[in-house]
Amino acid sequence: MTDRLGELSAAGVAVWLDDLSRVRLSSGGLDQLRREKHMVGVTTNPTIFAKALSDADEYNWQLRDLAVRGVSVEEAVRMLTTYDVRWATDVMRPAYDSSAGVDGRVSIEVDPRLAYETEKTVAEAKSLWWLVDRPNLYIKIPATEAGLPAITATLAEGISVNVTLIFGLDRYSQVMEAFLAGLEQAKANGHDLTKIGSVASFFVSRVDSEVDKRLEKIGSAEAKALKGKAAVANAQLAYERYTEVFSSDRWQALADAGAHPQRPLWASTSTKNPDYRDVIYVEELVAPGTVNTMPEAVIHAYADHGETRGDTITGSFDAARKVLGDLIGVGVDFDDVINTLEREGVEKFEASWEELLDGVRKSLEAAAKGASQPNAAAQDNAQAAQQAGGNA
């Protein structure tokens with residue numbers, strides 16, 4: 001059988017899983033993906049955690065203990081999520097060690113409600129770093145304007161960062177600038193640059209979803225012919241900027257000090273339009289030094305029928321520029337697309353966070369009631385003993 005994921009890895013793409021749950025951890029499913037599917041990293045977000053905590057009974061024992069302690073909902077969420085992430089970092093540690101710290105990483109996100117507050121984001125990033133206390137952790141910070149200085153400040157503390165919710169090229173350039181500044185400050189602060197990692201999560205499929213909606217509204221034949229092309233072109237041009245920044249003299253000075261480059265990570269790579277090939281955002285974004293974080297279904301789909309055709313990004317830059325130019329030509333305001341996606345991205349994660357808080361709040365209340373009542377099995381045993389004693 002063809003080892004398609006092995007071919008993808010050999011082409012320079014690190015395969016990461018975009019999911020985490022305690023069931024996946026306790027069942028050994030995460031470790032199985034690491035061992036059998038070339039999976040070398042894990043990303044999480046508020047939506048993933050909200051779903052994980054709503055679907056499983058695996059959290060009940062911890063919820064009961066937290067309820068007995070009377071902790072706040074916010075603290076309970078942090079205890080539950082950091083427990084899972086700490087466990088996952090231990091599962092992924094072999095990949096971390098074998099790659100000299102490049103892969104084997106697991107991400108946890110700062111509270112998305114802090115996306116527009118720099119100082120609070122940095123404080124939360126430091127707190128999460130202390131709580132998980134594993135070298136192969138990434139702290140996810142959104143690439144909002146307020147997030148940019150937070151990225152620099154967090155890296156300057158020697159903390160590894162996954163920059164999330166990047167949609168546009170100009171913002172991506174700002175993210176790389178924040179990364180370089182952060183490493184320069186970390187070096188000045190005496191931190192070992194070989195221990196600091198970073199990825200820049202550039203979102204893909206959501207771009208097509210938003211652009212295709214606008215193209216359909218425009219309705220012309222020229223507009224409809226451009227459907228499904230924006231996301232890949234946008235990501236390809238992001239990689240062009242990556243190659244420029246990480247071939248500069250400024251970067252070389254950091255590399256000489258042991259720094260690892262901030263790899264572009266293709267996020268949101270599941271296909272939202274069923275008319276598109278289910279692995280298009282993997283096949284069309286193959287290049288050395290990249291990461292592709294996929295839902296498990298996409299990992300299995302690529303293992304089944306994905307085609308690795310070598311580097312599908314380098315050499316595509318002029319064609320990608322033409323696609324974006326053509327989109328503007330038919331009336332798509334691409335700057336507005338990017339601004340809309342960033343705003344909606346933060347809003348969606350905020351909504352998921354509120355859903356997570358609400359779910360944990362209800363679970364704590366239920367656990368508190370259960371803790372205050374005798375165990376049902378114990379009651380049955382006591383009643384049986386009483387009846388036995390009465391019959392004796």
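The values are calculated or read from the model by the stated rules, or taken from the named source; none is laboratory data. The structure presented is a predicted model; accordingly, all values stated were derived computationally and were not measured. Reconstructed Cβ throughout: ideal geometry from the backbone, glycine too, with neighbour counts over all protein chains shown. These accessible areas exclude ligands, DNA and RNA; they are computed on the full protein's heavy atoms, side chains included. Shrake-Rupley method; radii C 1.70, N 1.55, O 1.52, S 1.80 Å.
For the reader, a short list of remarks on this structure follows.
- The C-alpha atoms of the chain define a longest principal axis, and helix 73-91 lies at about 70 degrees to it.
- Two-site label geometry, LYS217 and GLU365: point separation in nm, points 7 Å out along Cα→Cβ: 3.9 nm
- q = 0.12, 0.14, 0.28 Å⁻¹, the range 144-215: log10 I(q)/I(0) [Debye, one scatterer per Cα]: -0.37, -0.47, -1.21
- Taking all protein chains into account, the per residue accessible area for the range 97-143 stands at 39 Å² (1.4 Å probe).
- With all protein chains in place and a 1.4 Å probe, the accessible surface of the range 274-352 carries 52 percent carbon and sulfur.
- Sequence of ASP19, ASP192, ASP103, ASP57 when ordered by accessible area, the most exposed leading, probe 1.4 angstrom: ASP57, ASP192, ASP19, ASP103
- The range 151-271, accessible area per residue, ligands and nucleic acids excluded (1.4 Å, Å²): 34 Å²
- Links that overshoot a 32 Å alpha carbon limit, given the list LYS37/LYS369; LYS51/LYS369; LYS120/LYS195: LYS37/LYS369
- Taking TYR276, TYR96, TYR302 as the candidate residues, the one with maximal mean-square fluctuation in a Gaussian network model of the chain, Cα springs under 10 Å, is TYR276.
- The long axis of helix 46-55 is offset from the longest Cα principal axis of the chain by roughly 30 degrees.
- Summing +1 for each Lys or Arg and -1 for each Asp or Glu among the other residues whose beta-carbon sits under 15 angstrom from that of LYS217 gives -3.
- Gained length - GLU75 relative to GLU244, 0.36 nm times residue gap less alpha-carbon distance: 56.6 nm
- Between helix 169-188 and the chain there is an angle of about 70 degrees, using the helix long axis and the longest principal axis of the Cα atoms.
- Gained length - TYR83 relative to SER270, 0.36 nm times residue gap less alpha-carbon distance: 64.6 nm
- Here's the picture: charge each Lys and Arg Cβ at +1 and each Asp and Glu Cβ at -1 in the range 93-151, and of ILE141, LEU114, TRP130 the one pushed furthest to the positive end of that dipole is TRP130.
- Antiparallel bridge percentage (DSSP; both residues within the range 72-167; nearest 5): 0 percent
- In summary, the aspartates and glutamates within cross-link reach of LYS126, defined as a Cα separation below 12 angstrom excluding same-chain residues under 8 places away, comprise GLU109, GLU157.
- Neighbourhood charge, 12 Å Cβ-Cβ cut-off, centred on ARG4 and excluding it, Lys, Arg +1 and Asp, Glu -1: -3
- Distance between the modelled labels on HIS300 and ALA188, one decimal in nanometres: 5.1 nm (7 Å Cα→Cβ projection).
- Residue ranges 336-346, 225-235, 241-251 sort as 225-235, 336-346, 241-251 when ordered by packing (mean number of other C-beta atoms within 10 Å per residue, highest first).
- Heavy-atom accessible area per residue - the range 282-379, 1.4 Å, Å²: 48 Å²
- Straight-line cross-link reach from LYS217 at under 19 Å between alpha-carbon atoms covers these aspartates and glutamates, not counting any fewer than eight positions away in the same chain: ASP208, ASP275, ASP326, ASP333, ASP335, ASP336.
- Listed residue (GLN262, GLY28, VAL68) projecting farthest to the positive dipole end of the chain, Cβ model: VAL68
- Kirkwood estimate for the range 1-86, i.e. one over the average of 1/r between Cα atoms, Å: 14.6 Å
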